Amino acid sequence: MRYNNECTVWHKKPDGNFVTLHYSCWWQDTEAENISKTGKTDVDTAMVHLPPDATVSKSDYIAKGCIDYVISGSVTELLKTYKPLKVSTVSSKCYGSALMHHTEVTAR
């Protein structure tokens, strides 16, 4: 897998604390809009390909770039300062040659 950027993942552990992780990634900003009878709905704003062994889960936070910020307590300060995206899906893509294996993450 080729990478075009670095990203930071704030992964929530089972005990409720967050760990800050840094990965090389392929970051692709996406633009789309869902319109339904009741109005606009949220759609993912980024698709990120991470290494296959990356530790990331749905509802973690992710941001483009290498950010050295440790969450201590509330995530409010993180959200205000860095405006990370919230991970909405995580999918392992381990098919094809080993060079193509990756973890696909979408976030909004």
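The separation of segment 51-83 from segment 1-34, counted between C-alpha centres, amounts to 7 Å.
As an exercise, find the ratio Rg/Rh for segment 43-108 from alpha-carbon atoms, using the Kirkwood inverse-distance average for Rh. Show your work: numbers first, answer last.
Details: Rg = 13.2 Å, Rh = 12.9 Å.
That ratio equals 1.02.
In this calculation the C-beta distance from Val75 to Glu31 is compared with R0 = 25 Å, giving a FRET efficiency of 0.45.
Pairs of Lys residues in the chain, spaced 8 or more positions apart or belonging to different chains, with C-alpha separations under 15 angstrom: 6 in total.
May I ask you to compute the full-extension gain from Lys86 to Leu21, defined as 0.36 nm times their residue separation minus their alpha-carbon distance, rounded to one decimal in nm? Before the final figure, lay out the partial values.
Working: separation 65, 0.36 × 65 = 23.40 nm, distance 1.47 nm.
Extending this stretch completely gives an extra 21.9 nm.
For every other residue with a beta carbon closer than 15 angstrom to the beta carbon of His22, add +1 if it is Lys or Arg and -1 if Asp or Glu, then tell me the sum.
-3
Only the coordinates and a few stated rules stand behind these numbers; no lab work does. Note that the structure is a prediction, hence the values are computed from the model and not measured. FYI the Cβ positions are ideal-geometry reconstructions off the backbone, even for glycines, and counts take in every protein chain you see.
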